[in-house]
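Reviewing the structure listed below.
The values are calculated or read from the model by the stated rules, or taken from the named source; none is laboratory data. It should be emphasised that the depicted structure is a prediction, and the values quoted were computed from it without experimental measurement. With ideal geometry, Cβ positions are generated from the backbone for all residues, glycine too; neighbour counts draw on all protein chains shown. Side chains included, ligands, DNA and RNA excluded: accessible areas come from the protein's heavy atoms. Shrake-Rupley method; radii C 1.70, N 1.55, O 1.52, S 1.80 Å.
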Amino acid sequence: MQGTNAAASSATELLVAGMNCSNCARHVAEAIQGVPGVRSATVLLEARRATVRWQAHADQNVPALIAAVKSAGYEAKEIPADGSDGSDVSQQGWQINLWLGGAVTAALMMGEWGLGLASAPWFQWLSFALAGAVQVFAGAQFYRGAWSQLKIGQSNMDTLVALGSTTALGYSAWALLSGTGGHLYFMEAAAIISLVSLGHWLEARVSAQASSALKQLLRLAPMTARKIQRPEARGQNSEGQFSDLKTRTFSETAIHNLQSELEVSVAELKPGDLIALRPGDRVPVDGVVVEGDSAVDEAMLTGESIPVDKRPGKELFAGTVNLNGRLAMRVTATGESTALAHIIAAVQRAQTSRADIQRLGDRVSSVFVPAVVIVALATALWWGLAPGSAGRVHGLLTPFLWHAMMPTGAAAAFIIAAAVLIVACPCAMGLATPAAIMASANAAARRGILVRDGVALEKAGNVTAVVFDKTGTLTSGRPEVAEVFEIRNSKSEVRKLAAALARHSNHPISQAVAKTSAEEIATADWQEIRGCGVQAKIQVSTARLGSLHWLKETGVDLAPGEKFIAEWAGEGATIVGLAVDQSLAGLFAVKDTVKPGARDVVAELQRQNVKTFLLTGDQTLTAAGIAREAGIEAQNVTAEVGPDQKADFVRKLQAQGERVAFVGDGLNDAPALEQADLGIAVSRASDLARETADIILLKSEIETVPEALGLARATLRTIKQNLFWAFFYNALGVPLAALGFISPILCAAAMGASDLIVIGNALRLLRWRYRSGHPNRQRIG
């Protein structure tokens, strides 16, 4: 497996035959993802490869993969571990077609149009031989593709190309062999194969750009690492010796005593191993710094260009770059468990996903080819059995369109039917949505925005209201105790008791209170009540630390601290109460600062006519203070709500017709993230395992929220543009071909151009730029 360097057993590589376009690659990916145990599938058209990643502990049923690919109309085989499959790039196949077909087409064109040899018998026989060679060798890919689809009762673009080129060649061969005379279409038959091959070659080159960000991610992590060798002479258990390096202060002497470094394959690493990183090295796996001080470039993971300082205890992520100092790190995750692997899986999932809007194109594509074949047969019968009627209709429209060179006699029935078959393009409809989603997922990943799937992009493009959680989302999430108010005993005793209760909780406010005292107090039956606080037994009493609303519900009288509460809550501080049984013991004013860019983010969303709301479990006065700083209107603030009540609030907005995005830190916000139309998690790379969010912001900041929504809107517009073009092209091209206004050669060129237009329009998303303050001037390029 590339990039993530997992063990070989975690991924399966397949060589897939029969794929001719991006639509084929999408069908193969969908077939593979339907196999039980498959976590993700990446199909590279240009390399003819499918990389299949399995779920943890899944039964890796390779025969089932091959059978699934075969049921979709393609052939597959497993690539050996050494990667020797005998294939290079699919573009080479199309290049061979171009060299052969292009040379023959150019020669026949020169003979017919340049030298006027079209009626010379020897040239007609030479044309037959050359066009036949093109049909057999260059056309083989189309015939194989059409046959593989026919075997499973389906049809695709290969079916139309094979039928169209065969019709032109077959009629010309019949006319030559029977001596019927008239114009022969050998040059047209060769040109059809050549031009369609040219379209596929260009499509393969252009499509490769759409997955550029994914390819960069796959190449990020190195294949080898410098493993620090542990001294064997001491007879110590290596796993036990270093099991707590994340929390211990590890002396430089301890590391330097581990003198030797050995370059090993990353696949051999396991959690607990020690790795040396020199300046300029890429981090091979996830880990934690145990020695050294350096700056690390995490731009490819988070989109943030500013290097991050790393010192002992700080986390490192696979694929990032150590810039200027030597580091020693302990491995904490390898292979599919690394943050980079999670990002790659997320991008792959988004690229191969489907949006609801795609259903329209899929429904049409499923009946498109049979419908075109019926139209072609009807056209052949019309021009063959009633040429006068067809000619009159053509003549009536000529003044409004253009003059076209018309075949006569039996040739009209065959050649115009061939034109109908060739001009139709089901690929344009099939690619309209996937191409835009692939490009958008890559553009988002470059900005540190991970999108779950195409449905999430579609939902993000329709958001009308954004609900923000407070702690860790609008605020920095690093609160500090600003003041302590004691009701009884001394401040030191109040702090000591509160710190003992808070020490075991991971909530940011609890952690702030825990820092107020380092002394230990024996507790029993410690319990954390989500959204409320913590409680434990202190000797024979029950001590509680948490929200004032919760303490009040348990019967605690808050009257002694009313002045303190009013004063500090008015300044935006969170007030946490300490109670022993039903008596209030003390109050803590915990201050959390609003993120510097929060006000700009709210203002930008409001300029986009998106309503903004603040939802928090904090006190009303505190919430109002934070809302004022962030620029959220007072009537859009709801305070003192628990995690489940947040979901109820989102449901209420949805009942009012709003399409709601909820932005939270993912700690206590899972119900609301799940209930919202769009869940946005503010997260660092180490938090990627969170599955409730539709969008994850790797920067851990909210500045990218307007950008993410803007990119989603641009994606939705692009999908609609592509679908319009695909339907418009076919609705216009098929009738014009049936009426004799487009020759088979022009039809072949137009069919290839339609695919390129759809893909090219999607690729514009890679150059999309968000202009802050001008929602109507967001542009591509």
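Data for the structure
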{"read-out": "Single condition T542 does not satisfy, out of (1) open to solvent by less than 30 Å² (accessible area, probe 1.4 Å); (2) hydroxyl-bearing (S, T, Y); (3) touching a helix residue (DSSP H, G or I) at 6+ places or on another chain (Cβ under 7 Å)", "value": "(3)"}
{"read-out": "Some residue of segment 471-480 being touching a helix residue (DSSP H, G or I) at 6+ places or on another chain (Cβ under 9 Å), farther than 30 Å from A737 by Cα, modelled with pLDDT of 85 or more and open to solvent by 10 Å² or more (accessible area, probe 1.4 Å)", "value": "yes"}
{"read-out": "Of the criteria (1) assigned to a loop (DSSP other than H, G, I, E, B); (2) at pLDDT 85 or above, which one S127 fails", "value": "(1)"}
{"read-out": "Any chance A524 is open to solvent by less than 60 Å² (accessible area, probe 1.4 Å), closer than 21 Å to D618 by Cβ and at pLDDT below 90", "value": "no"}
{"read-out": "Set L766, L756: member being at pLDDT below 85, touching a helix residue (DSSP H, G or I) at 6+ places or on another chain (Cβ under 9 Å) and under 30 Å from D600 (Cα atoms)", "value": "L766"}
{"read-out": "Residue count, segment 449-500 (criterion: farther than 30 Å from V663 by Cα and polar (S, T, N, Q))", "value": "3"}
{"read-out": "Pair list, Cβ under 7 Å, 6 or more apart: segment 442-465 residue within 15 Å of V682 (Cα to Cα), other residue of a type in the set (D, E, K, R)", "value": "R447/E707; G448/E304; G448/K699; R452/R349; R452/D694"}
{"read-out": "Some residue of segment 516-527 being among the β-branched types (V, I, T) and touching an Asp or Glu at 6+ places or on another chain (Cβ under 8 Å)", "value": "no"}
{"read-out": "Residue ranges of helices (runs of 4 or more DSSP H) in segment 132-225 with at least 3 members at pLDDT 70 or above", "value": "140-151, 157-178, 186-210"}
{"read-out": "Selection status of G384, modelled with pLDDT of 85 or more, small (G, A, S) and surrounded by 14 or more Cβ atoms within 10 Å (Cβ to Cβ)", "value": "yes"}
{"read-out": "Filter result (loosely packed, with under 12 Cβ neighbours inside 10 Å and either in contact (Cβ under 8 Å) with a residue 12 or more places away in the chain or at positive phi (or both)) within segment 114-129", "value": "G116"}
{"read-out": "Top-ranked residue of segment 556-612 - restricted to ones that are of a type outside the set (A, V, I, L, M) and assigned to a strand (DSSP E or B), ranked as most open to solvent (accessible area, probe 1.4 Å)", "value": "K611"}
{"read-out": "Single unsatisfied condition, V463 versus (1) touching a strand residue (DSSP E or B) at 6+ places or on another chain (Cβ under 6 Å); (2) within 27 Å of G572 (Cβ to Cβ); (3) not small (G, A, S)", "value": "(2)"}
{"read-out": "Hits in segment 718-741 - residues which are buried (at least 22 other Cβ atoms within 10 Å of the Cβ) and of a type in the set (G, A, S)", "value": "A726, G733, A737, A738, G740"}
{"read-out": "So G572, is it touching a Gly at 6+ places or on another chain (Cβ under 6 Å) and touching a residue at least 12 places away in the same chain (Cβ under 8 Å)", "value": "yes"}
{"read-out": "Any hit, segment 324-335, residues being within 30 Å of A443 (Cβ to Cβ), among the β-branched types (V, I, T), at pLDDT 85 or above and open to solvent by less than 20 Å² (accessible area, probe 1.4 Å)", "value": "no"}
{"read-out": "Condition check for A456: more than 28 Å from the chain's Cα centre (by Cα) and small (G, A, S)", "value": "no"}
{"read-out": "Residue match in segment 627-637 (condition: surrounded by 20 or more Cβ atoms within 10 Å (Cβ to Cβ), more than 28 Å from the chain's Cα centre (by Cα) and assigned to a helix (DSSP H, G or I))", "value": "yes"}
{"read-out": "First in segment 58-73 and under 19 Å from K151 (Cα atoms), second anywhere and modelled with pLDDT under 80 and part of a helix (DSSP H, G or I), Cβ under 6 Å, 6 or more apart", "value": "A72/H27; G73/S148; G73/Q149"}
{"read-out": "Residues of segment 412-435 satisfying the condition of being outside any helix (DSSP H, G or I) and either of a type outside the set (A, V, I, L, M) or without any contact (Cβ under 8 Å) to a residue 12 or more places away in the chain (or both)", "value": "C425"}
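One line per residue, one yes/no per condition, for (1) in contact with a helix residue (DSSP H, G or I) (Cβ under 7 Å, 6 or more places away or on another chain); (2) open to solvent by 10 Å² or more (accessible area, probe 1.4 Å):
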| position | (1), (2) |
| --- | --- |
| A390 | yes, no |
| L401 | no, yes |
| A412 | yes, no |
| I422 | yes, no |
| C427 | yes, no |
| I437 | yes, no |
| A443 | yes, no |
| R446 | yes, yes |
